[in-house]
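J.: The structure under discussion is supplied below as structure tokens; questions concerning it will follow.
Taken together, the values in this text are just the output of simple stated rules run on the coordinates, not laboratory data. Remember, it's a predicted structure, so these values are computed and weren't measured experimentally. Here Cβ is always computed from backbone atoms with ideal geometry, including for glycine, and neighbour counts include all displayed protein chains.
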């Protein structure tokens, strides 16, 4: 798979990253998505409040946080 990850990921024409995690298409962010993604990287998606981490070459959803108001 891309970048040596086990998780299927893709980028849209709007430069947003998506991944197939647990049988669902999940939004992985745009600017917050780490490039290149590496083992141990962790990030928070501002639009959804979801926190992801790369563990054993797979992108894992590790938490849900409140979305900050701007």
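J.: Suppose R0 equals 22 Å. What FRET efficiency, 1/(1 + (r/R0)^6) with r the Cβ-Cβ distance, do residue 3 and residue 48 give to the nearest 0.05?
T.: So, using R0 = 22 Å, E works out to roughly 0.55.
J.: For the chain, modelled as a GNM with alpha-carbon contacts under 10 angstrom, which of 23, 49, 40 fluctuates the most?
T.: 23
J.: Sticking with this one: Within the stretch 1-21, what residues put their amide N at less than 19 Å from the label point 7 Å along the Cα-to-Cβ vector of residue 56?
T.: In the stretch 1-21, the label zone of residue 56 (backbone N under 19 Å from the point 7 Å along Cα→Cβ) covers 1-2, 4-9, 20-21.
J.: For residue 67 and residue 30, what is the calculated FRET efficiency with R₀ set at 25 Å and r taken between the beta-carbons, to the nearest 0.05?
T.: For R0 = 25 Å, the calculated efficiency reads 0.95.
J.: Against the globular-protein guess of 2.2 N^0.38 Å, express the Cα radius of gyration of the stretch 10-62 as a ratio, rounded to two decimals.
T.: This ratio for the stretch 10-62 stands at 1.02.
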